Amino acid sequence: MNMYVDKKYYQDTYKGDVIPEDKFEEKIKEASMHIDTLTYNRIVRKKFDNLTEFQQSIIREVVCKLADFEYENADILKTPLSSYAINGVSMSFGKSWNVQIQNGVAIPKDYYCLLAQTGLTCRNVRY
């Protein structure tokens, strides 16, 4: 199982402090697996060290951002509901939400656009 970010990178370079130490490995591993899904396992096939420095830096950045996002929004992301209402207050997850579902992975649109800069997310490209 690939983890594209270690604790040192998360804390020192990314300056992350959202994920508690006891959940770090689990959340980074999950985010890395989601990146593999979003890139059609091209990173696994090509090997992370064989990617350009530009691609590696974007992948690390998106893994950190996605891990933070998934940790902070775990309750919402795990729910099977697309909307709910309580005492006149409603919330829905639809096209206007700034999160998209891509290959079964919920990811903020701006994170996905950043990841797309690597050239690894295009369905039609062989890598």
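The values are calculated or read from the model by the stated rules, or taken from the named source; none is laboratory data. The shown structure was predicted, so the numbers you read here are calculated from the model rather than taken from an experiment. Note: areas computed on protein heavy atoms with side chains; ligands, DNA, RNA excluded. Shrake-Rupley method; radii C 1.70, N 1.55, O 1.52, S 1.80 Å.
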It is to be established whether one or more residues within region 76-98 are open to solvent by less than 70 Å² (accessible area, probe 1.4 Å), modelled with pLDDT of 95 or more and in a helix (DSSP H, G or I).
no
Being part of a loop (DSSP other than H, G, I, E, B), within 17 Å of TYR4 (Cα to Cα), open to solvent by less than 10 Å² (accessible area, probe 1.4 Å) and at pLDDT 95 or above narrows it down to one of LEU66, LEU120, so name that one.
LEU120
Hey, among the residues in region 1-48 that are of a type in the set (Lys, Arg) and part of a loop (DSSP other than H, G, I, E, B), which one's most open to solvent (accessible area, probe 1.4 Å)?
LYS15
